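A.B. asks: Please read through the structure below; I'll follow up with questions.
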Amino acid sequence: MKYSKKVLEHFTHPRNQGRIRNADGVATVGNPVCGDIMKIYIKIGENKKGEKILEDIKFETLGCGAAVATSSMVTDLAKGETIEKALKISRQDVSKELQGLPPTKEHCSNLAAIALHDAVKNYKDKLKKKK
Ligand code: FES
């Protein structure tokens, strides 16, 4: 199995690793087949246009190298983006930005995109409950 340079770079130097205290949205997803677990935290802010953005995002991942690299990439792609844009980041976007993943590791990018979307949904659900 051969990883791209980009995957190795994100695996060895993950961006946005850690947790956010008092996060506005949190999601944990796991893959029952491989047992890998990914947790995403988001902090919501506003840009100059008054749109809600992912001001900060962090991840904690217990899993394979590709799971760490895809978590790192998804946080890089989503940071500073509006919540609408974050919801549009797909598994394919993550894989493409990582210059592709070996076929047996494609599911790892799925986990990252789902965790991001679920964290945004968690934020939206909390908002609804407050109202
Ligand atoms: Fe399952 Fe990587 S092997 S997330």
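The values are calculated or read from the model by the stated rules, or taken from the named source; none is laboratory data. What you see is a predicted model, and the numbers here were worked out from it, not measured in a lab. Note: ideal-geometry Cβ built from the backbone for every residue, glycine included; neighbour counts use all protein chains shown.
A.B. asks: In the list L116, L98, which residue meets the criterion of being within 14 Å of N16 (Cβ to Cβ) and not basic (K, R)?
C.D. replies: L116
A.B. asks: Among the numbered conditions (1) crowded, with 21+ Cβ neighbours inside 10 Å; (2) aliphatic (A, V, I, L, M); (3) farther than 16 Å from H10 by Cβ; (4) in contact with a His (Cβ under 7 Å, 6 or more places away or on another chain), tell me where A86 comes up short.
C.D. replies: It is condition (4) that A86 fails.
A.B. asks: Now for a separate question. Which one of these does L77 not meet: (1) surrounded by 16 or more Cβ atoms within 10 Å (Cβ to Cβ); (2) closer than 22 Å to L8 by Cβ; (3) within 14 Å of the chain's Cα centre (by Cα); (4) touching a residue at least 40 places away in the same chain (Cβ under 8 Å)?
C.D. replies: So L77 meets the others, but not (4).
A.B. asks: Among the residues of the range 114-131, which ones are within 12 Å of the ligand (Cβ to nearest atom) and either free of Cβ contacts under 8 Å to residues at least 40 places away in the same chain or of a type in the set (G, A, S) (or both)?
C.D. replies: A115
A.B. asks: So for the range 72-83 (the condition being over 20 Å from K105 (Cα atoms), modelled with pLDDT of 95 or more and touching a helix residue (DSSP H, G or I) at 6+ places or on another chain (Cβ under 8 Å)), does at least one residue qualify?
C.D. replies: Scanning the range 72-83, I find at least one residue that is over 20 Å from K105 (Cα atoms), modelled with pLDDT of 95 or more and touching a helix residue (DSSP H, G or I) at 6+ places or on another chain (Cβ under 8 Å), so the answer is yes.
A.B. asks: Which is in contact with a Leu (Cβ under 7 Å, 6 or more places away or on another chain), away from the ligand (no atom under 16 Å from the Cβ) and within 20 Å of G30 (Cβ to Cβ), of I57, I42?
C.D. replies: Just one listed residue meets the conditions, I42.
A.B. asks: Does at least one position in the range 63-81 carry a residue that is outside any helix (DSSP H, G or I) and within 16 Å of the ligand (Cβ to nearest atom)?
C.D. replies: Yes, that holds for at least one residue.
A.B. asks: In the range 87-116, what residues are among the acidic types (D, E) and farther than 14 Å from D36 by Cα?
C.D. replies: Passing the criteria: D93, E97.
A.B. asks: Counting only residues that are acidic (D, E) and modelled with pLDDT of 95 or more, which one in the range 99-128 is surrounded by the most Cβ atoms within 10 Å (Cβ to Cβ)?
C.D. replies: D118
A.B. asks: Look through K49, K96 and report the one residue that is modelled with pLDDT of 95 or more, surrounded by fewer than 17 Cβ atoms within 10 Å (Cβ to Cβ) and in a helix (DSSP H, G or I).
C.D. replies: Residue meeting the stated conditions: K96.
A.B. asks: Among the residues of the range 26-39, how many are in a strand (DSSP E or B) and either more than 10 Å from the ligand (Cβ to nearest atom) or farther than 18 Å from L101 by Cα (or both)?
C.D. replies: Residues flagged as in a strand (DSSP E or B) and either more than 10 Å from the ligand (Cβ to nearest atom) or farther than 18 Å from L101 by Cα (or both) within the range 26-39 amount to 7.
A.B. asks: So which pairs qualify, if the first residue must be in the range 1-13 and within 13 Å of E97 (Cα to Cα), the second must be assigned to a loop (DSSP other than H, G, I, E, B) and of a type in the set (S, T, N, Q), the Cβ gap must be under 8 Å, and the two must be at least 6 apart or on different chains?
C.D. replies: Every condition considered, the pairs that remain are S4/Q99; K5/Q99; K6/Q99; V7/Q99.
A.B. asks: Oh, and also: Restrict the check to the range 71-81 and report whether at least one residue is under 20 Å from S4 (Cβ atoms), small (G, A, S) and touching a Ser or Thr at 6+ places or on another chain (Cβ under 8 Å).
C.D. replies: Yes, some residue in the range 71-81 is under 20 Å from S4 (Cβ atoms), small (G, A, S) and touching a Ser or Thr at 6+ places or on another chain (Cβ under 8 Å).
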